[in-house]
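Enquirer: The following block contains the structure, expressed as structure tokens.
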């Protein structure tokens, strides 16, 4: 066992055009956890996630994954579900799967095939012929079918119905292995809170609260959703 | 074993309650081997870490024990399960009685209502 954290963010700042989007973010995540990154729209969740995925460069501070700076190496062990799709919609699901297989050595093709079948998704259909919800499911399946160390899911439940949400949560639960961690950003807290180990509240670019989910429920005698509403009352 | 959770109460405490009922009702019998943390987590549809926490609590109460490398078992001490059942029944009885009290009914009346219930 090493003391190296799976993810370690130190004094991270990010500004666009002199506007501070993230301010002095410090966060560390160890293996085997499901963490909820919770905040209102525009709080900085997606910016933080993009920085962790090396899609943006920090203004100052650093992000370490498995002890190393983010970059080519970290992408091999981070499986990322973006808020918006980056897939070519003209492609069939089966083509996207091949693409994933070529691109990520940890992609489990059989597992993806099985999950897609469970969800009644036709792999011979192009994405453009699928509803928004179906496309989101396909993307999530692809992301969860990698044997990654860190899964980062940006709003994975946004466009899907409640029944599918439950299926997605189960998929997340049953597919993450003991050493991997999952970071889920969302504002649909009540749907997701039962599976979270830890919650991180982010507001106006700052981490305002970080706690074990059950500890917080115990302390405040209410749900994470309720605490969130109280904390961020408009 | 599908159950629903109240998000206002720590999940591991709710899991602990469900587990106690399983032990009291004999779903898992004295001395029986329990499913793994992972299996429990999958059936309850909860985070394995949360399930683990509930099982640790249960172990702290001596209701279950770990056999090294072999998994977890229900205690062989049947008296302990009996005691748990007794305590649980008393809590339910008290809660019923308190409810009756709130609407102005005493112990004798409360018992009368119980007797009227068709099983």
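Enquirer: What is the average number of partner chain Cβ atoms found within 10 Å of a Cβ in B:35-41?
Expert: Mean inter-chain Cβ contacts per residue within 10 Å come to 1.
Enquirer: To the nearest 500 deg cm²/dmol, what mean residue ellipticity at 222 nm is calculated for chain A from DSSP H runs of n ≥ 4 alone, each contributing -39,500 (n - 2.57), summed and divided by the residues?
Expert: -10000 deg cm²/dmol
Enquirer: Continuing with this model, one more query. Would you tell me the mean number of C-beta atoms belonging to other protein chains that fall within 10 Å of each C-beta in B:46-59, as a whole number?
Expert: Average per residue, whole number: 3.
Enquirer: Sorted from fewest to most neighbouring beta carbons within 10 Å, what does the list A:16, A:107 look like?
Expert: A:16, A:107
Enquirer: Measure nothing fancy, just the Cα-based angle from helix B:107-116's long axis to the longest principal axis of chain B, in degrees from 0 to 90, nearest 10.
Expert: On a 0 to 90 degree scale, this one is about 70.
Enquirer: What whole-number distance in Å separates the alpha-carbon centres of the stretch A:196-234 and the stretch A:31-66?
Expert: Their Cα centres are 18 Å away from one another.
Enquirer: Oh, and also: On a 0 to 90° scale, report how tilted helix A:93-103 is relative to the longest principal axis of chain A, with both axes built from alpha carbons and the result rounded to the nearest 10.
Expert: 60 degrees
Enquirer: Here is a further query. Between the stretch A:116-159 and the stretch B:42-119, what is the C-alpha centre distance in whole Å?
Expert: With the stretch A:116-159 and the stretch B:42-119 each reduced to a Cα centre, they are spaced 41 Å.
Enquirer: Once the Cα atoms of helix A:132-144 and of chain A are each reduced to a long axis, what angle between those two axes, in degrees from 0 to 90 to the nearest 10, is obtained?
Expert: 80 degrees
Enquirer: Moving on. Counting other beta carbons within 10 Å of each residue's own, what order do A:182, B:56, A:72, A:160 fall into, fewest first?
Expert: With the sparsest Cβ surroundings first, the list reads A:72, B:56, A:160, A:182.
Enquirer: A further question follows. To the nearest 500 deg cm²/dmol, what mean residue ellipticity at 222 nm is calculated for chain B from DSSP H runs of n ≥ 4 alone, each contributing -39,500 (n - 2.57), summed and divided by the residues?
Expert: -19500 deg cm²/dmol
Enquirer: Quick check on the exposure proxy: order B:38, A:217 from fewest to most C-beta atoms within 10 angstrom.
Expert: Going from least to most buried by this count: B:38, A:217.
Enquirer: Across peptide B:8-16, how many C-beta atoms of other chains are within 10 Å of each residue C-beta, on average?
Expert: Other-chain Cβ atoms within 10 Å of each residue's Cβ, averaged: 4.
Bear in mind that the values in this text are calculations on the coordinates, not laboratory data. Predicted, not measured: the structure shown is a model, and the values here were computed from it. So basically every Cβ, Gly included, is an ideal-geometry build from the backbone, and we count neighbours across all protein chains shown.
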